[in-house]
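Inspection log for the structure reproduced underneath, given as structure tokens.
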Amino acid sequence: MKTLLATCLLLTTAFAAAQDKAIDRKVDELLRKMTLEEKVGQLHQLSGREFTGPASGKHVNKLADIRAGRVGSMLNVKGVAETREIQAAAMQSRLKIPLLFSLDVIHGYKTVFPVPLGESASWDMAAIELSARIAAREAAASGIHWTFAPMVDVARDPRWGRVMEGAGEDTYLGSRIATARVLGFQTRQLGGLDAIMACAKHFAAYGAAVAGRDYNAVDMSLQQLHEVYLPPFKAAADAGVATFMNSFNSLNGVPATGSSYLQRDILKGQWKYKGFVVSDWASVKEMVPHGFANDLPDAAGKAIHAGSDMDMEGYAYTAHLAKLVQGGKVKMALVDDAVRRILYKKFELGLFDDPFRFSDAKREHDVLNDPSHRQAARDVARKSLVLLKNENAALPLDRKAKTIAVIGPLADARRDLEGGWIVKSDADNVVSLLDGIRSHVSPDTKLVVAKGCDTACTSDKDFAAAVAAASTADTVLLVVGESWDMSGEAKSRTDIGLPGLQGKLFDALAASGKQVVVVIMAGRPLIFNNIADKAPAILYTWFAGTEGGNAIADVLFGDYNPSGKLPITFPRSVGQIPISYSQYNTGRPLLDEKNVVYKSAYIDSPNTPRYAFGHGLSYTGFAYSDLALSAASMAPGGKLTVSFTLSNTGKRAGEEVVQLYLNDPVASLVRPLKELKGFQKIMLQPGEQRTVSFTIDAGMLAFYNDKLALRAEPGDFNVMIGSASDAIRLKAKFRME
Ligand code: NOJ
């Protein structure tokens, strides 16, 4: 059996290598025919946002530029009709090189899935891959070849609005999710009609913008960079991601777009990456205001030297690269390398065989109306919801309650449930939470609805009416949170509380003596201490997508047992930010919250977050027992197994995400107190038990030492098994010789 598998693997590898060579030959042949201007054209990406609008300024010339072979790719055009028309213009160019159509398909195309941070809370790689798969199917059927996703930036600062677009704060979880998303978008082999190219972005360290202010500078040690921020990119590269996007930020003084260290030394050098790098929007040009380039020609030269292959809407390459080559400032070989990488992908996608193969009106119609996509969106959304608190079994709700009051600005919201980065918004098709509740409760249940205020909540004038509505009900549900446009790009906030007076709306309802169950919708962790203290139950739903209302109601009424776990820490206050479970120890660790004097602590707040990374409750209970290690020590390069028993101690079937954390207590560099190194999501029936095991190898113990070499150092290691980063249930130690 083993030999058969090995033979199959060898044959597949040999076939892939032969295919690569065949494409290489075609690329070389085409390159020989290209003029310098045509080569530069391949490196120019143009936005079509205003393409079909009133022609003005530079947009007038877009089609003419395409016909002249001066454009290699377009973003922000979509749909079979439009992409066909534009591709037809490219087919009038001398060499008929097809355009690549790209778009930010971040969490769904027509069918909207939860925002990426929400999906990440599912810790369910199959669900995350499926979501990307469906997004790719729909986008590909609408003429799109390439999505600018996944965003794999590790983010530990919830003031940064873009935490919504990523997988949260953790390197290991983020790496697993990066792989799942890449495979979902691309499948195992590009070239199929339902696969689109993915793009790992933003390379690199964009998520560490100082003070959470978008586009801000980043300054970090190389150790942090390699250990925390780069691995999800490496995981995406290993999964075969077709493209990378660089980032707006400077890193240790060098704008990422102009960073040879990132793009040439690490990505194309150490990692031997064969795909291409697109700049972020105008980030080549922005090296001028950064103070890193004198002017646009200088920026173009710096970017191409640093390894940025395609210039997105920066107009630096198209305007200046040819002159730089003619003037001897940029070698033709650099341009050829960038063009080669791009042409390779066009061949791989089959666009030279048929430039219109992604633009088929019947397929577009059928795929965009496939009912299974909505079903999948509901399932992924249910998995992404996190039950933060549930005292006295306040949830699930009784579907036969006489009267349920549904209060709050987001109770009947539709557009907000889609979240940011919606490319084909269809808010009328979104199931609001109120819709979802209506279809779950008994026909005899009366629903009373009051908004209280809108999302900005600048006035309390309607609070009294909301309190009056609640007073008639046996169950009160309050639905609060951010509006969809408060997170995402350029949506940094200094105050991440509930907007406006929303927190006071809760207080007003709670003051009336009612038990208020709270649903919070948002694209980032919010701070809501009064609710966390007083509400009996809190369900955090992120922006849950097209089927969000049904999914949330499934959890509220117990049709689905919540299984989500936080992929990011929820602080108590902005003052604790940046915050992560994976902190370093100090020489003055806080061992007792009551004694903070001369300890690494705050005098006005506990160090602990409000809700820790990995936290999330279920309607059932899980017990952890019988931890065992296969050996007390591990040889260098060896392995050992840690196993334990997980039991469902409650009355419902449910899924638990068991989490493996490791710690190296003494090393040549101070190591984090805990690092997630494994997890499994396990479904158990009531009373069922399962033996769970993880294999630990030396790779999981390794870290970047002061020479930036990745090494595991001999010594003791702590193993922790938890249901959350702050709920370690089992512990053990072993030695590595
Ligand atoms: C800027 C954003 O940073 C990037 O993530 C996005 O893909 C591009 N704009 C294109 O829309």
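Listed values, structure above:
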| read-out | value |
| --- | --- |
| Residue match in segment 224-243 (condition: within 13 Å of Val152 (Cα to Cα) and out of contact with any helix residue (DSSP H, G or I) (no Cβ under 8 Å at 6 or more places or on another chain)) | no |
| Qualifying residues in segment 335-365 (those that are of a type in the set (A, V, I, L, M) and outside any helix (DSSP H, G or I)) - the one surrounded by the fewest Cβ atoms within 10 Å (Cβ to Cβ) | Leu351 |
| Neighbours by Cβ (under 6 Å, 6+ apart or cross-chain): first from segment 134-163, within 15 Å of Gly118 (Cα to Cα); second within 16 Å of the ligand (Cβ to nearest atom) and polar (S, T, N, Q) | Gly161/Ser487; Gly161/Ser492 |
| Flag if Tyr602 is surrounded by fewer than 15 Cβ atoms within 10 Å (Cβ to Cβ), at pLDDT 95 or above and on the phi > 0 side of the Ramachandran plot | no |
| Count of residues meeting criterion [open to solvent by less than 20 Å² (accessible area, probe 1.4 Å) and either hydrophobic (A, V, I, L, M, F, W, C) or touching a helix residue (DSSP H, G or I) at 6+ places or on another chain (Cβ under 8 Å) (or both)] in segment 499-511 | 5 |
| Hits in segment 398-440 (condition: buried (at least 21 other Cβ atoms within 10 Å of the Cβ), farther than 19 Å from Gln502 by Cα and over 29 Å from the mean Cα position of the chain (by Cα)) | Ile404 |
| From Ser102, Ser73, Ser93, Ser122, residue being closer than 13 Å to Ile196 by Cα and not hydrophobic (A, V, I, L, M, F, W, C) | Ser102 |
| Only one of Tyr560, Tyr540 that is of a type in the set (Phe, Trp, Tyr), open to solvent by 10 Å² or more (accessible area, probe 1.4 Å) and under 22 Å from Glu656 (Cβ atoms) | Tyr560 |
| Every residue from segment 134-183 that is of a type in the set (A, V, I, L, M) and within 21 Å of Ile342 (Cα to Cα) | Ala136, Ala139, Ala140, Ile144, Ala149, Met151, Val182, Leu183 |
| Residue list for segment 459-494, restricted to those being open to solvent by 50 Å² or more (accessible area, probe 1.4 Å), of a type outside the set (S, T, N, Q) and over 24 Å from Gly549 (Cβ atoms) | Asp460, Lys461, Ala464, Ala468, Glu489, Ala490 |
| Hey, Glu129 open to solvent by less than 10 Å² (accessible area, probe 1.4 Å), under 21 Å from Thr541 (Cα atoms) and of a type in the set (D, E, K, R) or not | no |
| Residue match in segment 321-334 (condition: open to solvent by less than 10 Å² (accessible area, probe 1.4 Å) and under 27 Å from the mean Cα position of the chain (by Cα)) | no |
| Segment 245-263 - residue that is out of contact with any helix residue (DSSP H, G or I) (no Cβ under 8 Å at 6 or more places or on another chain) and within 14 Å of Ala306 (Cα to Cα) and, of those, least open to solvent (accessible area, probe 1.4 Å) | Met245 |
| Residues of segment 276-297 satisfying the condition of being within 16 Å of the ligand (Cβ to nearest atom) and not in a helix (DSSP H, G or I) | Phe276, Val277, Val278, Ser279, Asp280, Trp281, Ala282, Ser283, Val284, Lys285, Glu286 |
| Positions within segment 391-432 being outside any loop (DSSP other than H, G, I, E, B) and over 15 Å from Glu482 (Cβ atoms), in sequence order | Glu391, Asn392, Ala393, Thr403, Ile404, Ala405, Val406, Ile407, Ala427, Asp428, Asn429 |
| Restricting segment 188-244 to residues that are surrounded by fewer than 23 Cβ atoms within 10 Å (Cβ to Cβ) and within 15 Å of the ligand (Cβ to nearest atom), the residue that is farthest from Ser260 (Cα to Cα) | Arg213 |
| Odd one out for Asp153 among (1) within 15 Å of the ligand (Cβ to nearest atom); (2) in a helix (DSSP H, G or I); (3) touching a His at 6+ places or on another chain (Cβ under 8 Å) | (2) |
| Residue match in segment 172-186 (condition: more than 13 Å from the ligand (Cβ to nearest atom), assigned to a helix (DSSP H, G or I), surrounded by 24 or more Cβ atoms within 10 Å (Cβ to Cβ) and among the aromatic types (Phe, Trp, Tyr)) | yes |
| Residue in segment 298-309 that is within 15 Å of the ligand (Cβ to nearest atom), closer than 26 Å to Gln42 by Cβ and open to solvent by less than 40 Å² (accessible area, probe 1.4 Å) present | yes |
| Subset of segment 78-133 (residues that are away from the ligand (no atom under 16 Å from the Cβ), not aliphatic (A, V, I, L, M) and not in a loop (DSSP other than H, G, I, E, B)) | Glu82, Thr83, Arg84, Glu85, Gln87, Gly118, Glu119, Ser120, Glu129, Ser131, Arg133 |
| Search result, residues across segment 543-601 that are of a type in the set (Val, Ile, Thr), assigned to a loop (DSSP other than H, G, I, E, B), in contact (Cβ under 8 Å) with a residue 40 or more places away in the chain and farther than 21 Å from Pro158 by Cβ | Thr546 |
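For every residue, the table says whether it meets (1) closer than 27 Å to Ala211 by Cβ; (2) of a type outside the set (Gly, Ala, Ser); (3) in contact (Cβ under 8 Å) with a residue 24 or more places away in the chain.
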| residue | (1), (2), (3) |
| --- | --- |
| Ala242 | no, no, yes |
| Tyr261 | yes, yes, no |
| Tyr273 | no, yes, yes |
| Met287 | yes, yes, yes |
| Gly291 | yes, no, no |
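Conditions (1) over 30 Å from the mean Cα position of the chain (by Cα); (2) in a strand (DSSP E or B), marked per residue:
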site	(1), (2)
Ala623	yes, yes
Gly637	yes, no
Phe644	yes, yes
Ser647	yes, yes
Gly678	no, yes
Pro686	yes, no
Ser693	no, yes
Met700	no, no
Glu713	yes, no
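The values are calculated or read from the model by the stated rules, or taken from the named source; none is laboratory data. Computed from a predicted model, the values in this text were never measured in an experiment. Using ideal geometry, Cβ is built from the backbone for each residue, glycine included, and neighbour counts are taken over all protein chains shown. Heads up: the accessible areas ignore ligands, DNA and RNA and are worked out on the full protein's heavy atoms, side chains in. Shrake-Rupley method; radii C 1.70, N 1.55, O 1.52, S 1.80 Å.
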